Amino acid sequence: MTTLDQPKTKPRQPVLTTSLPGPKSAEIMQRDAAELSTSYMRPYPFVPDHGEGVWLTDPDGNTMLDFFAGIAVSTTGYAHPHVVDSVTAQMKKFAHVCLTDYPQEITTRLAERLVRHIEKPGEKWRVFFGNSGAEAVEAAIKLARNHTGRSHIISTLGSFHGRTYGAITLTGSKTKYKAGFGPLLPNVTHIPYPNPFRPPLGSTPETCGDAVLAYLETLFKTVIPPQEVAAFIIEPMQGEGGYIVPPAGFLAKLRRMADQHGFLLIFDEVQAGMGRTGELFSFQHPAVGEAVQPDIVTLAKGIASGLPLSAMLAKESVMTWAPGSHGSTFGGNPVAAAAAHATLDLLEGVVKHPGCGDSLMRNAAEVGAYILAELRKMQAEFAFIGDVRGEGLFIGIEFVGPDGSPDGKLRDAASQAMFERGLLNLDCGESVIRVSPPLILTREDAQTGVEIMREALRSLS
Ligand SMILES: Cc1ncc(COP(=O)(O)O)c(C=O)c1O
């Protein structure tokens, strides 16, 4: 039986025993509201208590199907036995010594494994480990400036790169991330992201990539001396900004421009990377065209199935900073590294997950194709779905008003209707719902999710 065959057993369904939140969850939510930072948002009244596979259960016994994976993090779902075994074995050896000062075989081996997916003959890469996506981005900014001796960084509108000072400066998705926090990093410029559904600068879906690069060339002639640009940072498929795939060939043209002006190309793969699109890195997906090599890659989120770990990969020729110039107490923690090894085992198919074919990467491609096809049928049924896009299990559904403009209110109503039917989901962009489930999602569980989405959308129309 291939992954795409019709399931033979009745798919598992969410279980809603109480209205949400139930009494135990409500009590925890009340304590949470009293004690935790006021910056946290609580868009859904769900309190996870334990998980199994792609299912999360609250203390009142309500079980939800997870289509957001803690924002594209829980690659192998919850309590995956291979991850649990790997982490437990490392915990029994040691939990921390500090990678900045002492080499550790498990982390060395993880670096070897990661660079194998990017190195080309004659081009060696190296790895710096941190704990979060923002830390990987900070490391990338520091390395780019340190290596080039230049200061300016170009980023894109709609991007999200994290919450630390450098990372929020580069972020271009929402001003609320920056309001009241300035001054931010100097010498950062944002240009539009080539979004084929909403082509910027008066362009078309086909020409939006060229329009963006022409705009940047204009900036280089008028306001930013290109010889002062250290790097261009971009998500090869944009996450928080709306799950957007740029036109094929754009990244190759950007690569040529970077070479012409001598700045580095940083691909932020924190959200779209680690197998989610069906390729380990989204920039290697054929949908973005000819494969191009960046100079620096940032990874986090799905790398360790929920344990805090990030990596900044850089060409050896670029990683020229001096010993002691950058480091981290916890970065590259061996327990997180153990989780990353187990995650890679499943992604690469060294260890197989029942019902998910040869590897989780292939599974992401196949189950993602099924969900995309079903969502495109819904797009034909509901006029308020303006666009369905993505690759693998990196999928965006854009909600539009009658005039085609983004309809965030309708998106919120759809998201709520899905949640009330037992599907955990999350918004992004102005009016998009992202579908970013764990990569162990089987065809059967995907079908359950698709049916919930269809029913929720019908309830709106
Ligand atoms: C593309 C991208 N880069 C960086 C980050 C920041 O990661 P973290 O929240 O782990 O710092 C995120 C988080 O959403 C992201 O999507």
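Laboratory data are not the source of any read-out in this text; all were calculated from the coordinates shown. Treat the numbers as computed from the prediction; the structure is a model and nothing was measured. No Cβ is skipped: glycine too gets one built from the backbone with ideal geometry, and neighbour counts run over all protein chains shown.
By how many nm would the segment from residue 50 to residue 185 grow when fully extended, if each residue of separation counts as 0.36 nm and the alpha-carbon distance is taken off?
44.6 nm
How many percent of the alpha carbon pairs in region 84-348 exceed a separation of 25 Å?
The calculated P(r) of region 84-348 puts 43 percent of pairs beyond 25 Å.
Just to verify a number: FRET efficiency for residue 105 and residue 126, C-beta to C-beta distance, R0 = 22 Å, to 0.05?
About 0.85, to the nearest 0.05.
Give me the percent of Cα-Cα pairs in region 14-66 that sit more than 15 Å apart, rounded to a whole number.
So the pairs more than 15 Å apart make up 46 percent of the total in region 14-66.
Roughly what % of DSSP beta bridges within region 259-417 run antiparallel, to the nearest 5?
Here the antiparallel bridges make up roughly 80 percent for region 259-417.
Restricting to DSSP loop positions (anything but H, G, I, E, B) with no more than 14 other Cβ atoms inside 10 Å of their own Cβ, which chymotrypsin sites (Phe, Trp or Tyr not before Pro) remain in region 85-143? Numbers along the way, then the final one.
Numbers: sites: 94, 125, 128, 129; in loops: 94.
Listed in order of number, the matching sites are 94.
Which one of 44, 15, 61 is farthest out on the positive end of the charge dipole of region 14-66, using unit charges on Cβ (Lys, Arg +1; Asp, Glu -1) and the Cα centre as origin?
44
What would the Debye equation give as log₁₀ I(q)/I(0) for the chain at q = 0.05, 0.09 Å⁻¹, counting only Cα atoms as equal point scatterers?
-0.17, -0.59
List the residues whose amide H sits under 5 Å from the amide H of residue 49, counting only those 5 or more places along or on another chain, with H placed 1.01 Å from N in the peptide plane.
Amide H neighbours of residue 49, under 5 Å, 5+ apart: 57, 58.
Restricting everything to alpha-carbon atoms, can you work out Rg to Rh for region 51-162 with a Kirkwood hydrodynamic radius?
1.04
Would you please give the residues with an amide H less than 5 Å from that of residue 130, counting only those at least 5 places away or on a separate chain, with H modeled from the backbone geometry?
310, 311, 312, 332
Once the dipole of region 84-348 is set up with Lys and Arg at +1 and Asp and Glu at -1 on Cβ about the Cα centre, which of 237, 192, 339 lies farthest towards its positive end?
Among 237, 192, 339, the one farthest towards the positive end of the dipole of region 84-348 is 192.
For a footprinting-style exposure proxy, rank 171, 320, 63, 107 by other Cβ within 10 Å, fewest first.
Fewest to most other Cβ atoms nearby, the residues stand as 320, 63, 107, 171.
Kirkwood Rh over alpha-carbon pairs of region 271-327, then Stokes-Einstein at 10 °C and 1.306 mPa s: what D in µm² s⁻¹, rounded to an integer?
122 µm²/s
Summing -39500 (n - 2.57) over the DSSP H runs of n ≥ 4 in the chain and dividing by its residue number, what mean residue ellipticity at 222 nm do you reach, to the nearest 500 deg cm²/dmol?
That calculation yields -11000 deg cm²/dmol at 222 nm.
With a sphere of radius 12 Å drawn around the Cβ of residue 156, what net charge do the other residues whose Cβ falls strictly inside it have (Lys, Arg +1; Asp, Glu -1)?
Its environment carries a net charge of -3.
If the viscosity is 1.002 mPa s and the temperature 20 °C, what translational diffusion coefficient in µm²/s does Stokes-Einstein give for region 165-295 when Rh comes from Kirkwood over Cα pairs?
For the chosen part, D equals 138 µm²/s.
Restricting to region 193-312, what percent of DSSP beta bridges are antiparallel, rounded to 5?
About 30 percent, rounded to the nearest 5.
Scanning the chain for helices, which whole DSSP H stretches are 24 Å or more long along the axis (Cα) and average -0.5 or more by Kyte-Doolittle?
On the way: long enough: 360-381 (31 Å, 0.04); 443-460 (26 Å, -0.62).
Long hydrophobic helices here: 360-381.
DSSP loop trypsin sites (Lys or Arg not before Pro) in region 326-381 with at most 15 other Cβ atoms within 10 Å of their Cβ, which ones?
When the trypsin sites (Lys or Arg not before Pro) of region 326-381 are filtered for loop state and at most 15 Cβ neighbours within 10 Å, 352 remain.
Considering only Cα-Cα distances, which of the following residue pairs are longer than 32 Å: 10/377; 174/301; 142/221; 24/178; 124/221?
Beyond 32 Å between Cα atoms: 24/178; 124/221.
So how strong a dipole does region 331-461 carry about its Cα centre when Lys and Arg Cβ are +1 and Asp and Glu Cβ are -1, to the nearest 20 debye?
My answer is approximately 120 debye.
Using DSSP to call loops (not H, G, I, E or B), can you name the GluC sites (Glu not before Pro) in region 258-353 whose Cβ has at most 15 other Cβ atoms within 10 angstrom?
290, 316
Among DSSP beta bridges whose residues both lie in the chain, state the antiparallel percentage, nearest 5.
Working: 34 of 50 bridges.
Within the chain, antiparallel bridges account for around 70 percent of the total.
Given the Cα-Cα distance of residue 18 and residue 84 and 0.36 nm per residue of separation, how much length would full extension add, in nm? Working shown, then result.
Values: separation 66, 0.36 × 66 = 23.76 nm, distance 3.05 nm.
Extending this stretch completely gives an extra 20.7 nm.
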